[in-house]
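Okay, structure first, notes after.
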Amino acid sequence: MINSIKNAKSEGNEDFLTLDIGVGDSLQLQDNSADKHRYHVKLVGYLNKASLVVSQPHIDGHLALVAEGAEFFVRGFSDAKTYEFNAKVLNLCSVPYPYMHLSFPESVSVLVMRGAMRIKVKLPCSALATTGGMKMPAMFNDLSTSGASIQSSVKLGERGETIQLNFRVPVEHEEQALMVSAIIRNVGEAREDGVINYGVQFVSVTTRLRIALQTFIYTTLIEKQ
């Protein structure tokens, strides 16, 4: 279950260029059919006031049938914003790879979050005290680029202590092994089954880790919309 709009703050319209959308970011395209088919594509680039260039959508490993002139409702995420706009297919290209031009949006509907976007997950991980010791099994309950909620049936540490978390996430259809240091900010009471919930804040986040987490979170959000 995905909590895609957490800590919503304000809604309004913005210019596309103010969104700081990056090349390679995931976008969801929804057509106007009765079934409202949804496709997932990547932003390849754009030219202001001219077009957005995105990868052509695939279904089960095959190119989806998309016609020039087709209209889509486009949804995506950028930092602490979720954005939506309408676009039309201007041109389809096959060389050197399948891509297409979408009409450049005149305005974009934006919802701004108070904090980092967070998704609910059931993602296995292991925790290791920085002072040494054995790896302890744990599970992410939710995840953002700045921290997480995890649970474990073994004690991971006390409030204020730093632990190392190791886990894997799928990024671009490949699993990436990630590692991050985290400070324990909250420790819950042990449940009847012995499980304890912890709130942790990530520290010393590398560029590689941040990009991997952003890609995993944004892709998950888009796929569950």
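The values are calculated or read from the model by the stated rules, or taken from the named source; none is laboratory data. Predicted, not measured: the structure shown is a model, and the values here were computed from it. Positions of Cβ are generated from backbone atoms using ideal geometry, with glycine treated the same way; all protein chains shown enter the neighbour counts.
Here are some notes:
- Within region 75-95, the presence of a residue that is touching a strand residue (DSSP E or B) at 6+ places or on another chain (Cβ under 9 Å), among the basic types (Lys, Arg), at pLDDT below 85 and loosely packed, with under 15 Cβ neighbours inside 10 Å is excluded.
- Among the candidates LEU143, LEU156, residue that is surrounded by 13 or more Cβ atoms within 10 Å (Cβ to Cβ) and either of a type in the set (Asp, Glu) or under 15 Å from the mean Cα position of the chain (by Cα) (or both): LEU143
- Test result for VAL53, assigned to a loop (DSSP other than H, G, I, E, B), of a type in the set (Val, Ile, Thr), in contact with a strand residue (DSSP E or B) (Cβ under 9 Å, 6 or more places away or on another chain) and surrounded by 14 or more Cβ atoms within 10 Å (Cβ to Cβ): no
- In the set (1) buried (at least 18 other Cβ atoms within 10 Å of the Cβ); (2) closer than 20 Å to LEU221 by Cβ; (3) among the β-branched types (Val, Ile, Thr), VAL200 fails one condition alone, (2).
- Taking region 93-167 as the region of interest, none of the strands (runs of 3 or more DSSP E) fully inside it holds 2 or more residues being in contact with a Cys (Cβ under 8 Å, 6 or more places away or on another chain), closer than 24 Å to ARG210 by Cβ and of a type in the set (Asp, Glu).
- Which numbered condition THR131 fails, given (1) surrounded by 14 or more Cβ atoms within 10 Å (Cβ to Cβ); (2) polar (S, T, N, Q); (3) modelled with pLDDT under 90: (1)
- Meets criteria (polar (S, T, N, Q), in a strand (DSSP E or B) and surrounded by fewer than 16 Cβ atoms within 10 Å (Cβ to Cβ)) for ASN186: yes
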